[in-house]
Structures are given as C-alpha cells and as structure tokens.
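S.K.: Structure provided below as structure tokens; questions to follow.
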Amino acid sequence: MKTNLTNGDIRIGFYICHCGHNIGGVVDCTAVAHEITGLPGVVVSRDYKYMCSDPGQELIRNDIREHALNRIVVASCSPLLHEHTFRNAVEAGGLNRYFFQMVNIREHDSWVHTDHAKATTKAVALARAAVLRVRFHRALETTRVAIHPDVLVVGGGISGIHAALTLANAGKKVYLVERDPSIGGHMAKFDKTFPTLDCAACILTPKMSAVRANKNIKLWTYSEVAKVDGYVGNYTVTVRRKPRYVNEELCIGCQECIEACVFKEGKYPDEFNVGLSKRKPIYIPFPQAVPQVVVIDPERCLQLKSGRCKKTCVEACADRQAIDFTQKEEMAEIKVGNIIVATGFKLFDAKRIPQYGYGLYPNVVTSIELERLVTSSGPTGGEIIMRDGRTPQSVAFVLCVGSRDFRTNRWCSRTCCMHSMKLAQLVREHTGADVTVFYLDIRAPGKGCEEFYDKSLKDGIQFVRGRVAEVTDWALTPEEEGKLVIRAEDTLAGVVRRIPVDMIVLAVGMEPQADSQAVRRLFNMSCGSEGWFLEKHPKLAPVSTFTDGVFIAGCCQGPKDIPDSIAQAGAAAAEAMALIDRGYIEQEPNTAYVVEEDCSGCKSCLPLCPYTAITLDGTTQKATINAALCKGCGTCVAACPSGSIRQHLFEDDEIFSEIEGVLTHA
Amino acid sequence: MKYAYFPGCSLKGLGRAYEESLLPVMEKLGVELVELNDWNCCGATAYMSVDETKACILAARNLAIAEKTGSRDLVTPCSACYLVLNKTKHYLKDSPEIRGSVQRALEGAGLRYSGEMPVRHPLDILVHDVGLDVIREKVVRPLTGLKVAPYYGCQVVRPYATFDDAWNPTTMDRLLATLGAEVVPYPLKTKCCGGSLTGTLPDTGLRLTYILLKEAVRRGADVIATICPLCQFNLDAYHDQLTRQWGPVPIPTVYFTQLMGLAFGLPESQLGLRRNFVRMKPLPALPARA
Amino acid sequence: MEHSPRQIMALVRADFKDEVLRSRSIWLCASCYACTVECPREIRITDIMYALKQRAILEGIYPKRFPIPILAKEFFKMVHSKGRITETLLVMRLFLRANWRAVLSSWRQGIGLIRTGRFVLRHERIENRAQLAGMLDSDLHDERRITPKEAA
Ligand SMILES: Cc1cc2nc3c(=O)[nH]c(=O)nc-3n(C[C@H](O)[C@H](O)[C@H](O)COP(=O)(O)OP(=O)(O)OC[C@H]3O[C@@H](n4cnc5c(N)ncnc54)[C@H](O)[C@@H]3O)c2cc1C
Ligand code: SF4
C-alpha cells in the first residue's frame, strides 16, 4: 500500500496501560510495548500502570514535546470511557486532538480471554493496527451546535413534578406531559408516607399547585409523546393531546356538571380508587387533581357513544360552555434541547399468583387498595373495612408478592417492606386489629427506616419470617372456621404454621410500565433485561442514558422510594441545566462529506440517510451533506456507487491500513 | 382416531374400574386405544427412590414399545404413569449420561426410542382431540343437578403439565359441565391426596385425604371426580379410619370416565361403579321437560 | 416432619450428610411436585428428594423399620422379577416387613377389596421378563448402582 504522508515525517508515540490488574493481569504489557517499538514511525513505546491518571497524561504531553511526536496511540480500556481524556491530553501537548487513536484491549481482550499468551498476541495485533492507521489521521475540527433551552419532562409523578419545578425555578421553560387526566402519580393515592408518617397529600399537593402556578411550566395532561426527532440540544417532539371533551381554559373545576350528569350514581370503576368505588362518565380524578378540570370518558358517556343524551352536564355548565363534545385529538409539535423521562412503575398483578387467592377471596386485597382504604379522602372515608362492611379483627401482610421470585420478577421492589410496615401501623392505629407480617427479609436500609422497623416491632406487630405458601378458606380447627388461613413455614421457629385472619394484604411489587418497550424506542433508550430503563453508568451516570440529552428519573429506572425518586429528579434537572447553561455541544467531526467532482448526482444516497442530512444542491446537481445533522453512521459512504462520499476518521487508507495491521503476523 | 395405550399396573388391579369405564367411553367416541404389547410397570414414585437410571430404563422400555406401534401419541390414564413417562422423556433429553445408559439397555434388548412420541392423558385427548362438541352430542342422560367436585391431584398437572394450568386446571371442569353436571368450585383441586403415604404413614397421609373429602362435602358436592387411580383409592377406601379419627365424610369418589359413561347412557354395570367402597347414589331425577 | 424441605436444602448445602440421609423427612415426600413448581428459586426439590432417597438406600442409612423405604425396595424387587406390580400383594409384603399389626387393623379394608373385586391374588407379570431383567442389569458396570440383592 502506498503511504500518503501528507503531514511530513510521522513520529508516533505508543502507550499501553495495565489498568491495574484489569489488563496487566492477562496481557503482558511490557512485551506489547516492546513489540510495537519496531514498527515504522514509532518513536516512543511505553507501558504504564494507569494511563488515565494525571501522571499518565503528563507522560503523553511531555513525550510530544520532547520527542516531537505527531501521532499518539493508547491501548487501554473502552473509548467510551477515556477517548475524551486522551484526546484532551494530546491537545494539551500541542497536537490536533484527532492525531490520536485508541485501542480497546480491556473489554475486547483481557476481560474476555483467559489464555495469557494468546491475549498478548491479540493485543499486539490490535495495537499494530492502530499504529498503522494513525499515520493517515488528518487534523480535524469539532463543530459547535447550540442547545435549545427548553426541556420536556415526561410523566407527572413525584419525580416528573420535582424535575419540572427545579428547572422552572431556575428560569427554564418546561413542558410537562402526563398521560393521566391529573398529575400526582402513585404518591397521590397514599395516606401517609414512611418513614416519617407525614401526610402524603400535605407534602404533594403544594408541589402540584406549584406546577399549576408556575409560568415556566406548560402542563399537558391527558397527553402522550407520539414522536421524537433530532438529537441532543435540538429535539423536535410531537405530543398527542387526547380530547377530554372539556375546554381546559374555560373549566373552573366547580364540578356542577358531575352532579348534573344523567347518571345519578357512579357506575364505572374509579381508576384513582383502584376500582374500590364507582365514578360517572364525567368526573374529576380526585379532589386535589391538577389541573382542576373535569374529564369525560368517551367509552362511557351516552352522548359520545350514541349521541342521544339530555346533556344535563352542558346545562349545568351554562354560560361557561366548557363542555365540548366536538373536541378532537390534537397533535402539538415542540422544540426542546433536553428530555427527562419519569414514567414511573406499574404494580404486579396479584392474580398471577393464584395460591394467594386474589380475585377469589374478597378479603384478600393489595397494598395499594389498602392505601385507598386508610385515606380519609378514599372510598370508605378512611375506615378500614372488609367487603362485607365488618372491621377486621386480624390482618396479615404477605410481602414480596411477585418480587424476588425467579418465576415472576427477580428483583426486590425495595419499598414494599417499608410501606407494608407503614400500613401495618396504620391498621393497628385505625382498628386495633392483630397484625402479622410475613416476610422473607426485612429490607429497611434507608435513613430512618431501620428505626421504623423497630417501632413496628414495639407497636406489637407480629413478624413471621417465611414465604407464604398459600391462602385458603378451609378450616382444620374451629378457630379457623370462616377465616382466611395463611400457611407458611416460620423459618425462625422451624415449624409450618397456619394462621387464621380476617383480611390479607398482598404487598405487590413494582414492575416496568406495560408500554416501557415502546417508550424506550421512542426516546432511543435501552432497557435492562428486566425492562427498567437503563442508566448510562450504574454508579457514575445514574440518571443519564446512552442518548445524549435524554435523562431518566424515579421508578422508571428501577424501584425506589420517594426520597430517592426526588434525588434522581433533581439530578436529572441539574444534568439538563448543565447542558443548557453551557449553551452548545461539541460535535464529533466523524461526519460524511461529498467529494463534489466525483459525485454524479444519482441521488441514491438521499433516501438512505436515516437523519435526512443529505440534499441535492439545486444548482450543482450534486449531493451535499449537512454536517450538523450527520451522525456518522456511514450508510451513504458504503452505498455511493461512485465512491464520492467519504467520512472523516474512516477514510479508506485509515481502514485498509488498520486491516493490514491486524492481519500481519509479526 | 387411534392411540397407543399404556394402562399401567393400577388399572389392572385396584383401579380396574378406571379401565372398565375408559374403554367403552372411548369406543363410544370412536377413539381406538391399542394396548401396548407386553408393557411393564412404569416404576412409579417408588422405583425412582431407589435408582434413577434403572427407573428411566424401565420407563423407556415402554416408550420404545409404544414407538414401535407407529402411533402418533401414547395415552396413559394413570397420573403416576403419565408423570414417570413424561419425566423420563425429559431426562433422556436433558441428561446425556442417562441417555447413554438407557440407549445401551435398549440396544441390548433390540429396542429403539427416538424420544419424539408425546405421552398424553385421556383428559387431554378428550378435550383437545375429540372436542367438547363431539362429547356433548353423545350425552343422552345429562348429569343435570349432580354437583361434582373436580379433583385433579398432582402428577398430571405438575410439573410437566402442558395441556392445562398447574394451579387452576380447568379441562375436567369444562368436560363435566359439558356432561350437564354442576361443577362445584373446588380450590383444592390440585392438592396432594397423600399418595402412597396413606399406606405407609397413615397419620400423615390420611390427614390430606380427609381435608379433600371434608372440603368437597362442605362445598356441597355430591361426588368427587378424579383422574387418577391412586387418588380414587385414597379418597374411597379409607372411610373407616377417617370416620374413626375425625368423623364421617360420606362422599363417593369416582373416575371422570365413569361419569361420562353415565351421561352417555352406558349401563351402570359396565362402568365398574360397584367397585366403590362409598357407592354413588342414583343420579338426580331430570327436571320434567316443559 | 423432622426437617422442612427448606431445612433439608440448607443441611445439604452445609454438608450435614448424615442428618439429611437419616431424616425421615426425605421419605415423607409424596412426589406431588407442589414445591418444585412453587419454589421462587426454581430449585427442583422433588428431584433432589429422590436423589437423597437413592443415596440413603445406597448407603443403607435410612431410618430403620420405617415403612416408606421398605415399600420402595419391595416395589423395586417385584418389578425386577415380575415386570409389573400387583398392588395388593405389594402391600401385604410391606405390612409383613414393616408392621404386621397393620394387616390386622386394615382387615376390613381387605374384605372391602375382595367384595368389590379389587383384591388381586395372582401376580401380574410380563412375558419377556428375561429381556427386562437384562435391561435393568445392563448398567452394572457402574459400581454406584445397586442390584436388587443389595437392596433387599
Ligand atoms: C403501595 C405503595 C406505597 C408506597 N408508599 C411509599 C411511602 O410511604 N414512602 C415512600 O417514600 N415511597 C412509597 N412508595 C413508593 C413511591 O410510590 C414511589 O417512590 C414514587 O411513586 C415514584 O414516583 P415516580 O414519579 O417515579 O413514579 P409514578 O408515581 O409511577 O409516576 C409516574 C407518572 O408518569 C405517568 N406516565 C407513565 N407513562 C407515561 C407516558 N408514557 N407518558 C406520559 N406519562 C406517563 C403516570 O401516569 C404517572 O403519573 C410506595 C409505593 C407503593 C406501591
Ligand atoms: S422490599 Fe421487602 S417486600 Fe418488597 S420485594 Fe424487597 S424484600 Fe420483598
């Protein structure tokens, strides 16, 4: 191959990193460095314990100066982690940052091989390829693209609310898109919150009102994101706004229409009360709902279903004329620079474990149902009663329902031990009933949580360590007659116990939302195998995703309690603000470009580009590529019949010499 | 429809009423069951307790004989046989070691087994191959008014159940309803009957049997329908001991095939009903036609 | 039950071999497979119970005069010699070996079986017994295996 030395004399510095034992434990780094010394153009070849450390970078800078190096190769970890670090070092040494090539001999070599000799041979081959390639690197410049300062927050649970408020209070404009008719999420359904037992409504309602009042927040409830285009700093988002058949601007939330509806009583399961009460076709989800606007259920409303109703609601609304049966779904397009996804969780369906009798025995309930029962604004006015109206004398909690189980969900849902103890205390307080909690392990690691467990023990709640085998309604003894019987092995006492109770509460675990895969694709995120949205790094980047400018917060990332959700929401807001306040992003120059004189104007590349970055110049009839839109995927480069599209950092001579380097046997 | 048929030892002994009712019912539906030539005991649970490989060889001999018949499926009515034959199939597939030993044993005897032939239960055949509609057509004496507790026991639904749910199977429920019977909700339908413990450790075994009977009575059933010869024996033959220990639980337990025979109008004498300790009462009178 | 299945698993893991093999608990497993389909860790408990029973018989350290292993061995022998099981005869043998008094206490059941025509006194057997015996002994090279004689 003919060498095209456009930059005069090539002087390469090669560095191989031990990464402690990560690489050094498998690959003989000294031998690799030695092997590379002999390659043409290599002036310096060294191995070093930690190249990413300050002294490591200093090594590169000094060598550039001392040995007049003009190309640098580092063989170490993944470019994802440290390409940036080393390019900075190269730049600091006075070279163009793209006179650099990185070789991954950790993820691609030492971590995946056990044979030391062969791993070393592989490291040499990969390093040689980079050394041959770097000779052809050209000086390139990054470009800057401005960041749109507005932010989209998806999901109006406590996480989304907190993120939106944080940004809005810093003066950023926020769109908050919530699927349900009101914001609030799961927290709006709770009575008290662990571990402090402060009233959920008292701490949540002010934040919800603040959202409504904040001029920087555009709140779109009953809406969903339909489409996302663009890239960090410049997203174009289409939001689908479902018709609520009530004009949000005109409705003042007086609710006289609900009173006036032709249905005298509620008839349909009330979503907010998890089916424990009935609502009418026209309703407001709950008293503190934000916005305070009623909504009409098109599946239930006589007028919308059949067009034949007296429309007493319209009469009641009178002059205000807020009710509008002609409302249609609307699509709104917005531009934002960053997106925070906070879509929360859904609860495990207790019917999936038939042994626990949910759906079979009326007095087996889930924890969220009990939350509604203890709340004074709930369907029973805060009275804990069974389906037959009696107050239970004895209540049992079954923990880990659907969680920590290889057949359903393997993970721990993290909050159910705590919220079960919270509910257990409330049950005792409200009814004086005997309460038994069946647990596998009590997980109470948060601040104040172990103390809360202690308090539960002192409050006289019985704890039985053992996974409940089954809930039955058949009796062996007279005391069991007419009760639900829990059978479980008490693993501390070492006996199988039968415990008869009146009411059983299943602590159902958390699961990813049913549509999490669709949402993931919408925002170009990844999911772990369980379906929770994947953070970019489990420790160092817990609210970032692999897509720049898209952040996650709260339970959509994994089960967590309110304090942790809030912390993540704040972190996500801060990450977004860091980008907004910098004002621009640097774009990698690894874009495709057209060599005009070779382009025949065949247009075959135009439809191929997934980012619509290619256009045909009207005057020259040649293709041109918008570097700001190009993501460097290379599709057009490979497809161009005349070979007139090329790509920075992936030039033919670079790639061919790299291949040659891998294939040459020393 | 033609199937290879493995009756198992029980159907020639304590459970003969099962075979006595199964054969005419299947005949009535045009299902031909061809009994395997010189089949041997499947090994049941006891054999597996002594030696795993030998247990698999024992079962594999039957599977090989069945494959020789050229039938598509092998049918076996006894739960233990159903489980052991299916389990052997799985073991042969999953464990190269066992497969090797079994193959050597088969070869030495001039037999071959490919591992393909499905092992199925009559309930599966009836509901999925024959179909409830065909069965409904054959009903001449609907079981209207008869309250039946459907009892599946363990080994047909666990752990190799493929044709029904492990916790809440419903094939027999649907079949009985097709016969016109009233199916009583019976959440204990897959609880263990005690198996061979009723004989070896009566205190432990009979307690399980008692709960099953008592709950069927409490839920208003006239009769318990079963699909397994050991379940039938346990629920039927120990009433003396049960009454002495816990009081009477007078409810008969019959094979679902016997109820089918009754509904099909087959003569009672041909269905082995006289073999019960606790005899079934005459069917409730049919409501007068309007 | 001396040990719950969970305790058996824990004892196995902690290498308390004697305690496990001498435990009556493993013999109490009636193979209903409820635990196997129920186990949140997908442990095949029933199969492990079988393995433990096999081991206990092999090493001869199962609880003495305990009827369940005796039944298993009588079953094993009858299959080996006849190819099939005649339940009534099997139970009689069990009673004779384990607890002859049981024969007396269940005489009424016996009479009931005779009355209902379910008491079989003639051995059910297969024709090709030699073939079966040959097959079952075909893996004798494995010294872990037991012959019916040892099992007796
Ligand atoms: C019974 C129970 C009791 C609990 N008690 C406590 C307690 O006492 N203390 C405590 O600290 N924690 C408690 N928790 C945990 C607490 O519920 C969570 O930490 C908290 O709700 C997480 O908030 P979030 O905003 O992440 O999710 P969510 O509350 O689930 O909110 C998500 C929001 O996003 C919306 N959404 C979902 N998908 C979309 C979409 N595609 N587009 C638009 N919007 C969407 C949803 O409608 C919802 O409003 C409890 C949990 C349970 C189950
Ligand atoms: S938090 Fe407690 S109840 Fe919930 S899954 Fe974890 S251990 Fe089980």
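The values are calculated or read from the model by the stated rules, or taken from the named source; none is laboratory data. The structure presented is a predicted model; accordingly, all values stated were derived computationally and were not measured. Using ideal geometry, Cβ is built from the backbone for each residue, glycine included, and neighbour counts are taken over all protein chains shown.
S.K.: Tally time: how many residues in segment B:133-155 are part of a loop (DSSP other than H, G, I, E, B) and hydroxyl-bearing (S, T, Y)?
M.R.: 2
S.K.: What pairs come out if I take residues in segment A:271-287 that are outside the structural domain of A:E369 (by TED's automatic domain parsing) and more than 17 Å from A:C257 (Cβ to Cβ) and pair them with residues that are among the β-branched types (V, I, T) and in a loop (DSSP other than H, G, I, E, B) whose C-beta lies under 9 Å away, six or more apart or interchain?
M.R.: From residues that are outside the structural domain of A:E369 (by TED's automatic domain parsing) and more than 17 Å from A:C257 (Cβ to Cβ), the pairs are A:L276/A:T380; A:S277/A:T380.
S.K.: Sticking with this structure for a sec: Is at least one residue of segment B:16-39 under 21 Å from C:S31 (Cβ atoms), within 13 Å of chain C (Cβ to nearest Cβ) and free of Cβ contacts under 8 Å to residues at least 60 places away in the same chain?
M.R.: Within segment B:16-39, none of the residues are under 21 Å from C:S31 (Cβ atoms), within 13 Å of chain C (Cβ to nearest Cβ) and free of Cβ contacts under 8 Å to residues at least 60 places away in the same chain.
S.K.: Next question, about the same structure. Taking segment A:150-172 on its own, how many of its residues are more than 21 Å from the chain's Cα centre (by Cα) and either within 10 Å of ligand 1 (Cβ to nearest atom) or touching a residue at least 60 places away in the same chain (Cβ under 8 Å) (or both)?
M.R.: 2
S.K.: So A:E470 fits all but one of (1) surrounded by fewer than 18 Cβ atoms within 10 Å (Cβ to Cβ); (2) in contact with a strand residue (DSSP E or B) (Cβ under 8 Å, 6 or more places away or on another chain); (3) within 14 Å of chain B (Cβ to nearest Cβ); what number is the exception?
M.R.: (1)
S.K.: Among the residues of segment A:361-410, which ones are surrounded by fewer than 17 Cβ atoms within 10 Å (Cβ to Cβ) and within 14 Å of chain C (Cβ to nearest Cβ)?
M.R.: A:F406, A:R407, A:R410
S.K.: List the helices (runs of 4 or more DSSP H) that sit entirely inside segment B:221-290 and contain at least 2 residues that are within 18 Å of the chain's Cα centre (by Cα).
M.R.: The qualifying helices (runs of 4 or more DSSP H) are B:229-237, B:256-263.
S.K.: Looking at A:G432, is it in the same structural domain as A:E371 (by TED's automatic domain parsing), at pLDDT below 95, of a type outside the set (D, E) and surrounded by fewer than 16 Cβ atoms within 10 Å (Cβ to Cβ)?
M.R.: It is false that A:G432 is in the same structural domain as A:E371 (by TED's automatic domain parsing), at pLDDT below 95, of a type outside the set (D, E) and surrounded by fewer than 16 Cβ atoms within 10 Å (Cβ to Cβ).
S.K.: Identify, from the list A:F345, A:F325, the residue that is away from chain B (no Cβ under 14 Å) and in contact with a strand residue (DSSP E or B) (Cβ under 6 Å, 6 or more places away or on another chain).
M.R.: A:F345
S.K.: For segment B:274-290, name all the residues that are touching an Asp or Glu at 6+ places or on another chain (Cβ under 9 Å) and either surrounded by 12 or more Cβ atoms within 10 Å (Cβ to Cβ) or within 14 Å of chain C (Cβ to nearest Cβ) (or both).
M.R.: The answer is B:R274, B:R275, B:N276, B:F277, B:V278, B:M280, B:P284.
S.K.: Considering segment A:348-381 alone, what residues qualify as being touching a strand residue (DSSP E or B) at 6+ places or on another chain (Cβ under 8 Å) and either among the small types (G, A, S) or without any contact (Cβ under 8 Å) to a residue 12 or more places away in the chain (or both)?
M.R.: Across segment A:348-381, the qualifying residues are A:A350, A:G357, A:S367.
S.K.: Identify all residues within segment A:204-216 that are aliphatic (A, V, I, L, M), more than 10 Å from A:Q288 (Cβ to Cβ) and surrounded by 15 or more Cβ atoms within 10 Å (Cβ to Cβ); write none if there are none.
M.R.: Hits for segment A:204-216 are A:A210, A:V211.
S.K.: Would it be correct to say that A:S45 is among the hydroxyl-bearing types (S, T, Y) and loosely packed, with under 14 Cβ neighbours inside 10 Å?
M.R.: No, not satisfied.
S.K.: Condition first: part of a loop (DSSP other than H, G, I, E, B) and free of Cβ contacts under 8 Å to residues at least 40 places away in the same chain. Now tell me which residues in segment B:95-114 satisfy that.
M.R.: Once the filter is applied, which keeps residues that are part of a loop (DSSP other than H, G, I, E, B) and free of Cβ contacts under 8 Å to residues at least 40 places away in the same chain, segment B:95-114 yields B:S95, B:G110.
S.K.: Hey, which of the helices (runs of 4 or more DSSP H) in segment B:1-94, taking only ones fully inside, have at least 2 residues that are assigned by TED's automatic domain parsing to the domain that holds B:A237 and over 13 Å from the mean Cα position of the chain (by Cα)?
M.R.: Filter on segment B:1-94 gives an empty set.
S.K.: What number of residues within segment A:604-615 are surrounded by 13 or more Cβ atoms within 10 Å (Cβ to Cβ) and outside any strand (DSSP E or B)?
M.R.: 7
S.K.: Please determine whether any residue of segment A:159-178 is out of contact with any helix residue (DSSP H, G or I) (no Cβ under 7 Å at 6 or more places or on another chain), crowded, with 20+ Cβ neighbours inside 10 Å, assigned to a strand (DSSP E or B) and not hydrophobic (A, V, I, L, M, F, W, C).
M.R.: Yes, because at least one residue in segment A:159-178 is out of contact with any helix residue (DSSP H, G or I) (no Cβ under 7 Å at 6 or more places or on another chain), crowded, with 20+ Cβ neighbours inside 10 Å, assigned to a strand (DSSP E or B) and not hydrophobic (A, V, I, L, M, F, W, C).
S.K.: Sort out which residues of segment A:436-464 are within 15 Å of ligand 2 (Cβ to nearest atom) and either among the hydrophobic types (A, V, I, L, M, F, W, C) or touching a residue at least 60 places away in the same chain (Cβ under 8 Å) (or both), and write them in order of number.
M.R.: Those that are within 15 Å of ligand 2 (Cβ to nearest atom) and either among the hydrophobic types (A, V, I, L, M, F, W, C) or touching a residue at least 60 places away in the same chain (Cβ under 8 Å) (or both): A:T436, A:V437, A:F438, A:L440, A:I442, A:A444, A:G446, A:C449, A:F452, A:I461, A:F463, A:V464.
S.K.: Shifting gears a bit: If a residue counts only when it is within 20 Å of A:V508 (Cβ to Cβ) and within 16 Å of ligand 1 (Cβ to nearest atom), which strands (runs of 3 or more DSSP E) contained entirely in segment A:374-486 have at least 1 such residues?
M.R.: Hits in segment A:374-486: A:394-401, A:434-439.
S.K.: Can you tell me which of (1) part of a strand (DSSP E or B); (2) more than 16 Å from ligand 2 (Cβ to nearest atom); (3) touching a Leu at 6+ places or on another chain (Cβ under 6 Å) is the one A:E586 doesn't meet?
M.R.: Exception for A:E586: condition (3).
Conditions (1) within 16 Å of ligand 2 (Cβ to nearest atom); (2) in contact with a Pro (Cβ under 7 Å, 6 or more places away or on another chain); (3) among the charged types (D, E, K, R), marked per residue:
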{"position": "A:S377", "(1), (2), (3)": "no, yes, no"}
{"position": "A:L399", "(1), (2), (3)": "yes, no, no"}
{"position": "A:M418", "(1), (2), (3)": "yes, yes, no"}
{"position": "A:M421", "(1), (2), (3)": "yes, no, no"}
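S.K.: So is A:C254 more than 16 Å from ligand 2 (Cβ to nearest atom), assigned to a loop (DSSP other than H, G, I, E, B), surrounded by fewer than 22 Cβ atoms within 10 Å (Cβ to Cβ) and without any contact (Cβ under 8 Å) to a residue 24 or more places away in the chain or not?
M.R.: yes
S.K.: Does segment C:28-42 contain any residue that is more than 22 Å from B:A46 (Cα to Cα), out of contact with any strand residue (DSSP E or B) (no Cβ under 7 Å at 6 or more places or on another chain), of a type outside the set (G, A, S) and away from chain B (no Cβ under 12 Å)?
M.R.: yes
S.K.: Taking segment A:348-360 as the search range and keeping residues that are out of contact with any Phe, Trp or Tyr (no Cβ under 9 Å at 6 or more places or on another chain) and among the small types (G, A, S), which one is nearest to the other protein chains (Cβ to nearest Cβ)?
M.R.: Restricting to residues being out of contact with any Phe, Trp or Tyr (no Cβ under 9 Å at 6 or more places or on another chain) and among the small types (G, A, S), the top hit is A:G357.
S.K.: Is it true that A:Y175 is in the same structural domain as A:T547 (by TED's automatic domain parsing), touching a Phe, Trp or Tyr at 6+ places or on another chain (Cβ under 8 Å) and within 12 Å of ligand 1 (Cβ to nearest atom)?
M.R.: Spelling it out, A:Y175 is indeed in the same structural domain as A:T547 (by TED's automatic domain parsing), touching a Phe, Trp or Tyr at 6+ places or on another chain (Cβ under 8 Å) and within 12 Å of ligand 1 (Cβ to nearest atom).
S.K.: Restricting to segment A:225-241, and then to whatever is surrounded by fewer than 18 Cβ atoms within 10 Å (Cβ to Cβ) and at pLDDT 95 or above, can you tell me which residue is farthest from ligand 1 (Cβ to nearest atom)?
M.R.: Across segment A:225-241, the extreme among qualifying residues is A:T236.
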